[in-house]
1. Taking 7 Å along the Cα-to-C-beta vector as the label spot, tell me the residue 108-residue 280 distance in nanometres, rounded to one decimal.
2. With every protein chain in place, what's the accessible area of residue 136 (1.4 Å probe, Å², nearest 10)?
3. Per residue, how much accessible area does the range 147-249 show when a 1.4 Å probe rolls over the protein heavy atoms, in square angstrom?
4. Using Cα pairs closer than 8 Å and at least 6 residues apart in sequence, work out the relative contact order for the chain, in percent.
5. Over all directions, how big on average is the projection of the convex hull of the alpha-carbon atoms in the range 250-329, in square nanometres?
6. Could you give the length gained by full extension between residue 78 and residue 267, i.e. 0.36 nm per residue of separation minus their alpha carbon distance, to one decimal place?
7. Can you spot the lysines whose alpha carbon is less than 20 Å from residue 310's alpha carbon? Ignore those fewer than 8 places along the same chain.
8. For the chain, what's the radius of gyration and Dmax over Cα atoms, in angstrom?
Amino acid sequence: GTGVVTATPEQGDVEYLSPVTIGGQTINMDFDSGSSDLWVFNTELAAGSQAGHSNFNPETSTTFQLLQGASFEISYGDGSGAAGNVGTDTVNIGGATVTNQAVELATAVSSSFVQDTQSNGLVGLAFSKLNTIKPVQQKTFFDNAIATLPIPVFTADLRHAAVGAYEFGNIDSTKFNGSLSWTDVNATSGFWQFSSQQFAVGTGPTMNLAGGQAIADTGTTLMIADPSIVNAYYSQVQGAVNNETVGGVTFPCAAQLPDLAVDIGGNYMATVRGDDINFSPVDAAGTTCFGGLQAGTAGGLQIYGDIMFKSQFVAFNGGNNSIGMAPHQ
Ligand SMILES: Cc1nn(C)c(C)c1CC(=O)Nc1ccccn1
């Protein structure tokens, strides 16, 4: 069957949380199309790390089974990470159910996860080749569910400061304008990766980023793009500065931010709304704001995170490894 769950933004759209039922226990988790481990806060974690979180208890699940000798260790591009043991259990996401899903029980998590008490783990939705479980790599929820879904797709409908949805096995055409533009992804990296070689700032000319590549990553808050894009963009924003102390580009909160259009696989220019690029104030007075568009390394992989998803409805097709996009309804 299909599955649909709410995607509720944390304060400031830092991440989006969705209910996941593991062995009958419902836990709010962060769906991440940029990684491939399903790991959860749990009762094996040190009490200090458990504090404030919903913690899965493998002992009270009648369907949990330890995967003897299995472990995981994951680190994310922002330096955060988690590690621990592994079991299997029945995982139900809005009705879409997998009976033998690898559930990774963190015994160590980095401070950024401990501090974010709204989030109790991640559901990795990239390709299973990125799963970190050893000695035998395991499959993602989507990989395990795909054969049972009416269509081999999940969709992300993320909104600014409003409740959206993740859906498995169905594309709700009431959620986007017009029709989806489809692009083949290159799954070799394990990410939902596509070429992104052109961009335009506001009503300006289309500019080239030869060889540009990007991933669609619901687990990343911002939009990490090539410095050439970032510089071209903020050259159009009065008062934008690269603020070393804050760790990225800031500008006056009153600044008028242009839209940014980015190429998706050569088939579609996805427009990211300028006001979504005004991410958050960095000072109490709300005078200076932090940009939702920040620079990655020149020539590196670009990460189109939640800032893009707030403007674009995205369908992930695991049947033919493609991504569909259209502006939100
Ligand atoms: C890949 C990457 N490089 N850099 C600099 C960043 C910020 C990323 C994205 C990233 O770390 N995303 C993430 C973090 C925690 C949990 C899930 N996803």
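1. In this crude spin-label approximation the distance works out to 2.7 nm.
2. 90 Å²
3. In whole numbers, the range 147-249 has 45 Å² accessible per residue.
4. Relative contact order of the chain: 19 percent.
5. Numbers: hull surface 27.3 nm².
Computed as one quarter of the Cα hull surface, the answer is 6.8 nm².
6. Extending this stretch completely gives an extra 65.1 nm.
7. 175
8. Using the Cα atoms of the chain, the pair Rg, Dmax is 19.5, 60 Å.
The values are calculated or read from the model by the stated rules, or taken from the named source; none is laboratory data. Just so it is clear, the model here is predicted, and its values are computed rather than measured. Note: ideal-geometry Cβ built from the backbone for every residue, glycine included; neighbour counts use all protein chains shown. Note: accessible area is taken over every heavy atom of the protein model, side chains too, but ligands, DNA and RNA are not part of it. Shrake-Rupley method; radii C 1.70, N 1.55, O 1.52, S 1.80 Å.
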